[in-house]
Amino acid sequence: MMTATLATGSLLLALGCGAAPSATATSLTPDQPVSTTATTSVSATVAPKTEPTPIRPKGHTIKPHEVRWESAKPSRDGRTLKIVWWSGVEPCAVLDHVSLRQTGKRVIVTLYEGAEPGSEDVACIEIAVQKTTTVKLKAPLGHRKVVDGAKL
């Protein structure tokens, strides 16, 4: 009896110290060896890294407002800027237009978002979506500073 108790205790200890059981785990019988090989799984809360969703301004949104952007990357020739920002889902968060003010010292880029007409009674999930849009400059960027107009 003492041997059976020690064997059961050892088995439980080995199972407790091993990897968490997988979704396909089956119950063990006394004849089966206990595996202590660790398994890895991807958490459902960690999304894979994806590229920002390309967006074009649609215009005519309801209550357009300024939206802060995260980064502005110039093209190799400096004639365009790729603007990246975090937003919500459509039809509740739609790029209305981009304001672009250019001087000899800086380029001020301001994004405006609003809701699509007719979406007043739509329920949109509150999830962050990374978006990008490209703006064309009148002259190459050169040494000019790019500024977020929503932060001014």
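For the range 54-152, taking Cα atoms only, Rg and Dmax work out to 14.2, 46 Å respectively.
The distance between label points at residue 126 and residue 62 comes to 1.9 nm (points 7 Å beyond Cα on the Cα→Cβ vector).
Give the residues of the range 105-147 whose amide nitrogen is closer than 12 Å to a point set 7 Å from the Cα of residue 80 in the direction of its Cβ. Counting only backbone N, you get 133-137. Taking K and R as +1 and D and E as -1, what net charge do the other residues with C-beta under 12 Å from the C-beta of residue 65 add up to? Surrounding charge for residue 65 is -1. Taking 0.36 nm per residue of separation and subtracting the Cα-Cα distance, full extension of the segment from residue 145 to residue 89 would add 17.1 nm. Using Cβ point charges alone (K and R +1, D and E -1), the dipole size of the range 82-144 about the Cα centre works out to roughly 940 debye.
None of the figures in this text is laboratory data; all of them are computed from the coordinates on show. The model shown is predicted, which means the values in this text are computed figures rather than measured ones. Please note: Cβ atoms are built from the backbone with ideal geometry, for glycine as well, and neighbour counts cover all protein chains shown.
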